Number of protein chains: 2
Amino acid sequence: MATEVASLSHEDCWDMLQREEFGRLAYSLDGEVHIVPINYAVDSGRLVFRTAEGSKLLAVLRGGTVAFEIDDIGDEWASSVIVRGPASELPPEDARWADQLRLRPWIRSEKQYVVAIQPTEMSGLRYRLHRPWTSMFPQP
Amino acid sequence: MATEVASLSHEDCWDMLQREEFGRLAYSLDGEVHIVPINYAVDSGRLVFRTAEGSKLLAVLRGGTVAFEIDDIGDEWASSVIVRGPASELPPEDARWADQLRLRPWIRSEKQYVVAIQPTEMSGLRYRLHRPWTSMFPQP
C-alpha cells in the first residue's frame, strides 16, 4: 500500500526550493494577515526576493517572522514545502549580488529592495491525492 | 506593446476560483503567521475547505481574518487571485452539503470540520513574465 502522506527530508525540501522559482509569502502587518505571490531564489541558505516599497517591505522592516510556501501539484501527488523565519532587507553591498541570482521579475518595474528570509523552520510533505468525485455520479 | 500587468475583473477572479482547486491559506495564531496549502471549493460565494483539529481550526475558531491565494503560472503569463475575509466553522447542517462539493482530499484522513471563508476583499492580477537570465551569460 502506498503511503498517503510522507515527510520530505531537509535535503528534499532544499532541492525543491532550488528547483522552484515562485512561492507565496505570508506576513502580518498591523495585525492583518496578507499573502502575496513572489518569485525568489535560493542564495547561501536564504530565500531572496525583490520588492518595491509597499506593505511587504514595511512588514519586513518591522522585523516580523514571515511564512513562505512552494508547492508542486500533479494528478496523483502533491508536494509542499513551508518555511518560516525572519525576513530582513539586505544591505546594498549584499543586494548587488542579487543581480546574479535567477530572479524572474514578474513585471518590468523598479524593485529596488532585496529581502532575505532566513529559514528557522522548514517542513515538507508529499501527499497522495484522491479524487473521489471521479467515481461520483453525476460526473462533474 | 503588451500590458505588463493587468487587474482581473471581479468576474475573472471568481472564474479562476471556480476553476482551481488548490490554494494557500495564511492565518495568524498567537501572533505568528502561518501558511498552508489547502484544497477548497466555491459554494454560494464562499470558499469552503475541510480541516482536522489543529492550528488552522484554532485560528478560525478565534475569528480572525484569513488570507487566501491561488495562482496559475505559465511560461509567459502568471495570474494570481488573493482573497481576504473572516473564516468560520460551518454548523453541521451546512457542513453536510460540503460532501457534495468538489473537494479533493489531500489524504484519506478524517477531516471533520468544514470551514468557510467569506470574501470581503478580492483582487486579481495577471502578469507578463520576463526571464532576463535566458539572455545572460553564462546560461544557468
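Can you tell me which residue within segment A:21-51, out of those that are within 10 Å of another protein chain (Cβ to nearest Cβ) and among the charged types (D, E, K, R), is nearest to the chain's Cα centre (by Cα)?
A:ARG24
Does any residue of segment A:111-132 turn out to be within 22 Å of B:VAL5 (Cα to Cα), at pLDDT below 75 and not polar (S, T, N, Q)?
For segment A:111-132, residues within 22 Å of B:VAL5 (Cα to Cα), at pLDDT below 75 and not polar (S, T, N, Q): present.
Considering segment A:1-13 alone, what residues qualify as being surrounded by 13 or more Cβ atoms within 10 Å (Cβ to Cβ) and within 12 Å of chain B (Cβ to nearest Cβ)?
So in segment A:1-13, the residues surrounded by 13 or more Cβ atoms within 10 Å (Cβ to Cβ) come out as A:4-6, A:8, A:12-13.
Selection gives A:GLU4, A:VAL5, A:ALA6.
Test B:ALA52 against the stated conditions and say whether it is surrounded by 14 or more Cβ atoms within 10 Å (Cβ to Cβ) and closer than 30 Å to A:GLY74 by Cβ.
Details: surrounded by 14 or more Cβ atoms within 10 Å (Cβ to Cβ): no; closer than 30 Å to A:GLY74 by Cβ: yes.
Judged against the criteria, B:ALA52 is not a match.
Out of all the residues in segment A:14-28, is one or more touching a helix residue (DSSP H, G or I) at 6+ places or on another chain (Cβ under 9 Å), in contact (Cβ under 8 Å) with a residue 60 or more places away in the chain, surrounded by fewer than 21 Cβ atoms within 10 Å (Cβ to Cβ) and not charged (D, E, K, R)?
No, segment A:14-28 contains no residue that is touching a helix residue (DSSP H, G or I) at 6+ places or on another chain (Cβ under 9 Å), in contact (Cβ under 8 Å) with a residue 60 or more places away in the chain, surrounded by fewer than 21 Cβ atoms within 10 Å (Cβ to Cβ) and not charged (D, E, K, R).
Could you list, in sequence order, all residues of segment A:53-88 that are out of contact with any Pro (no Cβ under 8 Å at 6 or more places or on another chain), more than 12 Å from chain B (Cβ to nearest Cβ) and either of a type outside the set (Ser, Thr, Tyr) or without any contact (Cβ under 8 Å) to a residue 24 or more places away in the chain (or both)?
Selection gives A:GLU53, A:GLY54, A:LYS56, A:LEU57, A:LEU58, A:VAL60, A:LEU61, A:ARG62.
The values are calculated or read from the model by the stated rules, or taken from the named source; none is laboratory data. Fair warning: this is a prediction, and the values are worked out from it, not measured in the lab. Positions of Cβ are generated from backbone atoms using ideal geometry, with glycine treated the same way; all protein chains shown enter the neighbour counts.
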